[in-house]
Amino acid sequence: MVEQEAGTASKMAAAAAGNAVDVQARFGHSVKGLLTEKVTSCGTDVIALTKQVLKGSRSAEFLGQAARNMVMQEDAILHSEDSLRKMAIITTHLQYQQEAIQKNVEHSSNLRDQLSHLLK
């Protein structure tokens, strides 16, 4: 009976050892699976981060170009403003000249009337 119990105990020990190996094998596979998932996830995150950095770099380039364009537009606006000021001055001078011409036309018509009276 002792031999029978020893055989049963050794069978149980062997079964337990087999189960332990199975558990360890399953645990090893699940850890490998989790590790593979984590590595894949990290790789995906690195790719997303790289894309975001590149997008940010392009955004900075676009902002730089927009700033250069805005400076060019500002220069054009300042030049236009200066031109408008000069045009306003020219318009004022032309108005003065027009008034002077109108006065001269009135004087010439008065002179014509006086000459016609003198010649009669």
Given the C-alpha centroids of region 85-99 and region 41-73, what is the distance between them in whole angstrom? 52 Å
J(HN,Hα) series, region 111-120, from Karplus relation 6.51 cos²θ - 1.76 cosθ + 1.60, nearest Hz, glycine and proline x: 5, 5, 4, 5, 5, 5, 5, 5, 6, 7
Proximal lysines relative to residue 38, as straight alpha-carbon distance under 26 Å, when same-chain residues fewer than 8 apart are discounted: 51, 55
In whole Hz, with x marking every Gly and Pro, tabulate ³J(HN,Hα) for region 94-107 from phi via Karplus 6.51 cos²θ - 1.76 cosθ + 1.60, θ = phi - 60°. 5, 5, 4, 5, 4, 4, 5, 5, 4, 5, 5, 5, 4, 5
Whole-percent carbon and sulfur contribution to the accessible surface of region 50-120 (1.4 Å, no ligands, DNA or RNA) stands at 62 percent
In Å, what Kirkwood hydrodynamic radius results for region 35-120 from the alpha-carbon pair distances? 20.2 Å
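The values are calculated or read from the model by the stated rules, or taken from the named source; none is laboratory data. Here the structure is a predicted model, which is why all the values come from computation and not from measurement. These accessible areas exclude ligands, DNA and RNA; they are computed on the full protein's heavy atoms, side chains included. Shrake-Rupley method; radii C 1.70, N 1.55, O 1.52, S 1.80 Å.
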